Amino acid sequence: MIFTKLILAHLLGDFLLQPNSWVADKENRKLKSKYLYLHILIHTVLTFIFLWDLQLWWVAILVGVSHFIIDVCKLSFQNVKTKKRWFFIDQFLHVLVIVGVSFYFKEFDLKILENQDFLKVLMAVLFLTTPSSIIIKILLSSWTPVAEAQNNIQTESLTSAGKYIGILERLLVFIFILVNHWEGVGFMVAAKSVFRFSDLAQAKQRKLTEYVLVGTLLSFGMAVLTGILIK
């Protein structure tokens with residue numbers, strides 16, 4: 001399968017065979033970095049090796065040239081603040097090229113969009129991300145806990161960490177239910193209880209603890225109910 005071979009070549013070339021020193025040199029010297037061209041050469045050679053078909057030489061060249069263009073755009077436009085964003089844009093574009101090549105060889109088609117089971121799972125996954133976060137936020141809007149400062153207790157948290165933790169936990173719970181492993185749901189609840197509620201207990205903030213508990217139960221409840229409905 002060409003898609004699998006190209007993904008393997010990409011993972012090897014972009015991660016395993018690209019030292020951090022090469023990445024730093026490319027970011028500093030950009031087009032003047034010799035490692036940029038060595039990186040592209042490695043990608044092209046790996047693609048050719050994995051395909052192992054002389055008639056598909058043009059695929060290796062296409063992957064190499066597209067990789068060069070995408071990497072140059074990333075190096076030219078990214079800065080310290082947008083570095084994380086450009087990493088994902090870069091990887092998305094590389095995979096998009098691979099998907100395009102796979103479409104050319106008819107390994108994929110759009111008939112998957114006619115599959116009702118796929119559409120239902122996709123709908124559920126989308127619902128459990130931002131829409132669920134917004135619904136939970138609205139349901140909890142009538143309570144606004146005020147976290148009182150405590151001596152020697154860290155009250156700061158990462159930006160939007162709660163939102164992403166909620167999304168990840170709902171998706172994991174949904175997956176556990178789809179594969180019929182309910183014990184995984186119990187593990188998720190126990191793990192969050194240990195890490196989250198132990199901190200709240202130390203802070204001795206009853207209102208905040210109840211607020212987080214209600215939000216957690218709503219989050220898990222939505223994921224469980226969605227999983228049951230999809231099954």
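A few comments on the model shown:
- Remark: pairs (first residue in segment 28-55, within 12 Å of Phe68 (Cα to Cα); second residue open to solvent by 100 Å² or more (accessible area, probe 1.4 Å) and assigned to a helix (DSSP H, G or I); Cβ separation under 9 Å; 6+ apart in sequence or on different chains) = Tyr35/Arg29; Leu36/Arg29.
- Gln55 being under 20 Å from Ile7 (Cα atoms), assigned to a helix (DSSP H, G or I) and open to solvent by 80 Å² or more (accessible area, probe 1.4 Å): yes
- Count of residues meeting criterion [within 26 Å of the chain's Cα centre (by Cα) and open to solvent by less than 80 Å² (accessible area, probe 1.4 Å)] in segment 18-35: 8
- Every condition in (1) open to solvent by 80 Å² or more (accessible area, probe 1.4 Å); (2) over 30 Å from Lys231 (Cα atoms) holds for Val63 except the one numbered (1).
- Unmet criterion (only one of (1) buried (at least 17 other Cβ atoms within 10 Å of the Cβ); (2) within 30 Å of Leu225 (Cα to Cα); (3) in contact (Cβ under 8 Å) with a residue 60 or more places away in the chain) for His94: (2)
The values are calculated or read from the model by the stated rules, or taken from the named source; none is laboratory data. These figures come from a predicted structure and were not determined experimentally. We place every Cβ from the backbone using ideal geometry, glycine too, and count neighbours over all the protein chains shown. Ligands, DNA and RNA are excluded from the accessible area calculation, which covers all protein heavy atoms including side chains. Shrake-Rupley method; radii C 1.70, N 1.55, O 1.52, S 1.80 Å.
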